[in-house]
1. Please work out which residue is modelled with the lowest pLDDT, limiting yourself to region 43-62 and to residues that are farther than 23 Å from Leu113 by Cβ and part of a helix (DSSP H, G or I).
2. Would you please name the residue that is nearest to Leu28 (Cα to Cα), looking only at residues in region 144-155 that are in contact with a strand residue (DSSP E or B) (Cβ under 9 Å, 6 or more places away or on another chain) and surrounded by fewer than 23 Cβ atoms within 10 Å (Cβ to Cβ)?
3. Given the conditions (1) in a helix (DSSP H, G or I); (2) of a type in the set (A, V, I, L, M); (3) more than 19 Å from Lys248 (Cβ to Cβ); (4) touching a residue at least 40 places away in the same chain (Cβ under 8 Å), report the number of the one that Met187 does not fulfil.
4. Considering only region 156-184, state which residues are assigned to a loop (DSSP other than H, G, I, E, B) and touching a strand residue (DSSP E or B) at 6+ places or on another chain (Cβ under 6 Å).
5. Among the residues of region 1-48, what is the count of those that are crowded, with 17+ Cβ neighbours inside 10 Å, among the β-branched types (Val, Ile, Thr) and farther than 18 Å from Thr100 by Cα?
6. Mind checking which pairs have a first residue in region 190-203 that is closer than 15 Å to Glu173 by Cβ and of a type in the set (A, V, I, L, M) and a second that is part of a loop (DSSP other than H, G, I, E, B) and modelled with pLDDT of 85 or more, Cβ under 7 Å, 6 or more apart or different chains?
7. Select, from Lys74, Lys90, the only residue that is in a helix (DSSP H, G or I), modelled with pLDDT under 90 and not small (Gly, Ala, Ser).
8. Quick check, is His110 in contact (Cβ under 8 Å) with a residue 40 or more places away in the chain, in a helix (DSSP H, G or I) and over 22 Å from Glu41 (Cα atoms)?
Amino acid sequence: MIHKCLFPVAGYGTRFLPATKSMPKEMLPIVNKPLVQYGVEEAVAAGMKDMAFITGRGKRAIADHFDISYELEKEIAGSSKEAYLTDIRKLIDSINCTFTRQKKMMGLGHAILCGETLIGQEAFGVVLADDLCFGEGDEVLAQMTKLYEQFRCSIVAVMEVPKEEAHKYGVIEGEALRDDLFRVTSMVEKPAPGEEPSNLAVIGRYILTPDIFSILRETPPGKNGEIQLTDALLQQAQHGCVMAYKFKGKRFDCGSVEGFVEATNYCFENIYAKK
């Protein structure tokens, strides 16, 4: 039912300077695979084939990664090293990629709005590659698409965080429909300490309905002077329906050095060492 997935990948990755001075943070490798590839593979596992990337200056390596490198393939053809490209070749053959640029860094909501011409008027997934997720059973985005089939509304992935860390996230308040599902009644972007409505924090996985674009166009700048997706989703929740889903699986904040190292250790021990 959902064919397209949007990847906002225009950010500067300043927490990883100087490594990200000339290298997109989304191309930082977790063992031997860049972050953005994990996200694309998750989208494919959810049945999505059309990947839309919102890029910026200095991000051409992302487009190159999802293209054929004729020189490299010719160089290693017939050698044992050719096997290292098997997975990415299959991935490239299974997806379509489109790209547009976010000319100014004006927040996640603005980045989503930049993707309107690539998405059109249909529901779509959103993956923030900084958040590396591993689902229990189905991958996280696949869990969410199953919920979309039932509710046909925007869905955000949430997880419980310590209250003292809630100020780092968008935080939801909602009516519990079951232990892992809430109808959103309020959302706050990075609330001040002590003002968080709950300990349910939004992470970088979304299913969005196309009316989000018209809402974003009318959303004034919010926190940090940016157009916040959280503010637009609150409008959706107040005039329609937004669900928050407490996903089953693990999430690593690879936008931080600590989370990046934790994710690398986890992938090495649980994926690559077992191959």
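The values are calculated or read from the model by the stated rules, or taken from the named source; none is laboratory data. Remember, predicted model here, so these are calculated numbers, not experimental data. All Cβ positions, even for glycine, are placed from backbone atoms using ideal geometry, and neighbour counts span all protein chains on display.
1. Step by step, filter region 43-62, then rank; the result is Ala61.
2. Thr145
3. Failed condition: (1).
4. Val161, Tyr169, Asp180, listed by residue number.
5. 4
6. Ala201/Val161; Ala201/Tyr169; Val202/Tyr169
7. Exactly one residue qualifies, and that residue is Lys74.
8. Against the criterion (in contact (Cβ under 8 Å) with a residue 40 or more places away in the chain, in a helix (DSSP H, G or I) and over 22 Å from Glu41 (Cα atoms)), His110 qualifies.
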